[in-house]
1. At a 10 angstrom cut-off on C-beta neighbours, averaged per residue, how do the peptides B:481-493, B:187-199 rank from highest to lowest?
2. Let's see if you can work this out: charge +1 on each Lys and Arg Cβ, -1 on each Asp and Glu Cβ, no other charges. What is the dipole magnitude of region A:26-106 about its Cα centre, in debye to the nearest 20?
3. Which whole-number percent is the relative contact order of chain B (Cα, under 8 Å, 6+ apart)?
4. Under 27 Å between alpha carbons, and skipping anything fewer than 8 positions from A:LYS440 in its own chain: which lysines qualify?
5. Based on Cβ point charges of +1 for Lys and Arg and -1 for Asp and Glu, what charge dipole magnitude is obtained for chain B about its Cα centre, in debye rounded to the nearest 20?
6. For B:LYS161, give me every one of the lysines with a C-alpha distance below 25 angstrom, ignoring sequence neighbours fewer than eight places off in its own chain.
7. Would you pull out the residues with amide H under 5 Å of B:GLY560's amide H, same chain only if 5 or more places away, H placed 1.01 Å from N?
8. Applying a 10 Å radius around every beta-carbon, put A:104-112, B:412-420 in order of their mean neighbour count, most first.
Amino acid sequence: MRITNKMLSDNFLSDMRTNMENLQTIQKQMATQKEINEASDDPTKAVRIMALTENINANVQYNTNINEATNFLDTTDTALGQVGDVLKRVNDLLIQSGNGGYTEQERSAIKDELNVKVGELSQILNTNFDGRYVFGGTKVDVKPMTTMKSDIYSPGPTYKNGAAKPCAAAASLDLTAVPLLSANTNYSVKLTVDATGVVTGATAQSAVNGGTLASTPVTASAPDGSGNVTLDLGNGVKLNVPKDIANVTGDVMTFTCNSEANTRLVYNSDNPASPELTDPAKLNQLDQKLYVEVSQGVTLDYNVSASDVLKFTNDKGQSIDLRNVLTKIMNHLDGNTDDGSSPDTAATGKLSTTDKQDIQDTISNLLSIRAKVGAKQNRMDSAKDRNGTENQNLTDVLSKTQDIDITQKTIDYSTAQTVYTAALQTSARIIQPSLLDYLK
Amino acid sequence: MAGLFDIFSVGVRGMTSQQTALNVTSHNISNANTEGYSRQIAKIETTRPQTVENGTGQLGTGSEVTAVTRVRDTFIDYQIRNYTTVQGQFTSSEKYLSEIQGIMNEPGDTGIANQMSKFFSDWQSVTDSTKSSLSIDSATLADTLNSTYTQLQNVKENVNKVIQSSVADVNDLLDKVKELNKKIELIDVSGNQPNDLMDKRDLLLDELSSKFGIKVDDKSNQSIAVGAVVTVDPTNPSNVDDPFANSPIRPDGSSVLLVNNEPGGAESRFSYISDIQPVSGSDSQFTVTYYKNGNTIDENNKVTFNIDLGSDLGISGTITQAQKDVVQQRLKDISENRVLWANSKGTATSGDGSVVLDGSKALYNYKDLKMFVPVSGELKGLTAVQQDSDRYIDKLNAMAKGLAFAVNAIHSGVANAGTTVSPVPAATTPPTTQTADYLPYFVNSDVAKKNYDINGVLQPGTALNNVLSAESEITAGNISVNKTILNNPRLIKTKLHDDQFAYTADNTIDGVGEESRAKMIADLKNNFIDFTGLTKDGTMKKRGDLFTIGHNTLSESAFGNDSTGVTINTYFNNVIDDIGTMEQTAKKNIKNQQLLLNAFNQSKQSVSGVSLDEEMANLVQYQHAYQANAKVISTVDQLLDVVVNGLKK
């Protein structure tokens, strides 16, 4: 074959280009530490890298989920421990109160402590983690519990017009919407009386703090046989007014709303006018579970709701609500019946028997809940372990697919460079001389 | 017996021959690096001998240069052109494929895949306080899709410009070849060798061959005829009415030539379609604008005509969907190809040349169109890039659509976008499942931006209904997060029973910690959706089609898989795989073709290239011969001196 100068230089140029390309590839791989820099370097591997990266990203998210849930469970567990402490103290107090030698005063001291304990219980069940109330079911934005005093309304004396002297007979109260009145406030109504002494109507005179009594004059109901009437003052406040309570129109009758009574534990409605939550839909939210995805397709619930702690069925199949139990205990300490409506001589006896039993049932229910929380914590721990292992495996595979072997690339680089230098040297010697050099 | 003067003239002839040879040698040397130059050889022959009567026989009369020929192997030229055509195709398509690959930027930390995994992760851990970062990440995903779409469209526009300049180049080259062809013929007729002109012509043909496959036929007097290799319909190769196959013919029945050696013979050129727009009120008629000879500088070259792309479909009255699809496909093919066969003036003609598309007729038929569909070459590569870009855009669109439909369906719990009413009906007790989506998550920004009120809110009723009905037109280019949500991320529906309420705030069943709906969207990354059905040619057009045509299912608590589909990540990864493989193949092909071309170029150089050493040797050789011839003359001079001055004292 005839070889010309241009062939030599063309060849040299094209080979040099190949050498430079090789060097560039190695240089880029060294600089990025990655074997694959563009999809076209190796489409199959590139797609595998993308899939692995996606898996790792998902796994990192699962890890975050697990950590979140674990911390939530830890908080729950601590709170449940505190609930246990409170219940144990209640139990101790009940044992003390069962002592027949205890005086009324001593029992009152016990009741005072119980009142504080109920408030403490409410606080514990309102434990907040990362802006969420842990015992609130899915209603994580509102405190699940609050406490209320059971308000007691007592009719006060009736005064003659202008005179600060009580009338003879007292009125009785029939109140159906009591929370609407402010606690520890005296209310007074001005009565209108006809010639026979029957009360015909009234105007609200003082309606402090919210003015929830009807301000327009109200007409009394038709008198019964004895001339007694009922005054509907609005908002569920009804007064039963006996005949002859007032002498002339303008006599004033008073009644008081007292909140000196026992503390009750109730679900929180977040409405100061009516703190107890009664809306069934919202009560239902308290029972809803929170779920967390710990790996693909594996979803776990991790919360304990306030009602789990408060409401349960004991081993005898009776359903028990701690809220009622506590109210009952208070009433028993007052020497009243379960609902506190009337005195009961057997009340103190119940304290160390049925009441104590109920509290103990609650404690054992709490223990079983804590056991479940413990089991969930274990499950989270093992999910975290698995997540860690999986992440490590995926990262390992990704590294094997994507990363360069530095040793190998270094050797490749020096090889390529040697070839490049050698090519330059040889070509420089071949291209330079020509016949001209030797013609004189 | 020849005389001394005869020897004298032998010497003179010798000097002349050697001088000519030296001339050729120096021409070779001076063109040693000229592109396309083939070395020339002075053919020195003995002149006619003299017969001597005295029985000595014939006496030589010296030498003369009978021809200066170029050393060239035309078969190598043929092969080089073949491979240049293939090389041209892969080079042009590789250039843009690598650009597309760069636009996708995968595998990487900033591409669509990464944004998508962030989007789904956000849904996984959404709480009231993280809703705003979710909405921003969603907007970022939409923006990334939008900009990828725009960049792919830009690639198409750039390719169009390249096609235009290619068409202009080709016509220019053809004119030059034609000119040279004429000159060569003239010189040849006058008995001379047009070596350098032929080299130039060969070089132009080499250049032309990178644009598309050419056929070169040798004709009389060193002239040539050039034709193009086009796609042939194997079932009906003589059908000149097919706009996308077969060679056109001229009205005289002759097959189309790009360079015709016969004087006044028909020749073809190419024109470039710059624009094609639908005629308003018609589904099959379009206004086509093209520039004669691809020359867009002179507005006089602009020709506009109307054409009915469905003229052969027998459309009567309303166009059917099937006919519409055919028309759309034809429209797509034309806008991807853009090169028209034209007459020598550059005016487009029909396949048989009988109809001239100069805009004089009100409406042309589909068969009047004749597109130039080369088998290979740069033009073919550019068409292929257009097709590839369209395909990737279509796939991205399907992905955006699938994402929007599925997220919107799960987010609202409403399988069909429905019709909203204003004012929003109050929640009933017990709540019933909503029939309309009052808060679509992803919207079509083209329509939505015209319907937001002053606060960036889509009001239920007309504004929202406009947006909901435009949902089926969502593409990667216009997908965007509903501004109503961006302005107030707390509206995002995450709770299980949110499907029963127009807005999540109305939901009284679930507490704010309820996140089942958000988890369903987070799980969407593992759900199978039939994205192929969502492409341009697919059957699924709107949200509800996922559940009626596709096999996905939607209930309050679950989004069911379509087992014939793939996950969104798999679908996207397939697109990347596709691009990567195309680019890799193109690169490999270029490398292979380059090697082959190099080998052929080496062969060509081996035959036609100038070797300086060789020429130097020749130079010395001819110099010596020249000197020797001069010596002959001086010797004869001395002899004559003897005869003239020495014989008589």
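Every read-out reported here was derived from the displayed coordinates using simple, explicitly stated rules and does not represent laboratory data. In this text, all values refer to a predicted model and were calculated from it rather than measured experimentally. Positions of Cβ are backbone-derived with ideal geometry, glycine not excepted, and every protein chain shown enters the neighbour counts.
1. B:481-493, B:187-199
2. 400
3. This gives 19 percent for chain B.
4. Result set, ordered by chain and number: A:LYS6, B:LYS631.
5. With only Lys, Arg, Asp and Glu charged at Cβ, the dipole is about 900 debye.
6. Within the straight-line limit of under 25 Å, B:LYS161 reaches these lysines: B:LYS95, B:LYS176, B:LYS211, B:LYS292, B:LYS302, B:LYS332, B:LYS345, B:LYS370, B:LYS380, B:LYS395, B:LYS587.
7. B:THR553, B:LEU554, B:SER555
8. Ranked from most to least packed, the peptides come out as B:412-420, A:104-112.
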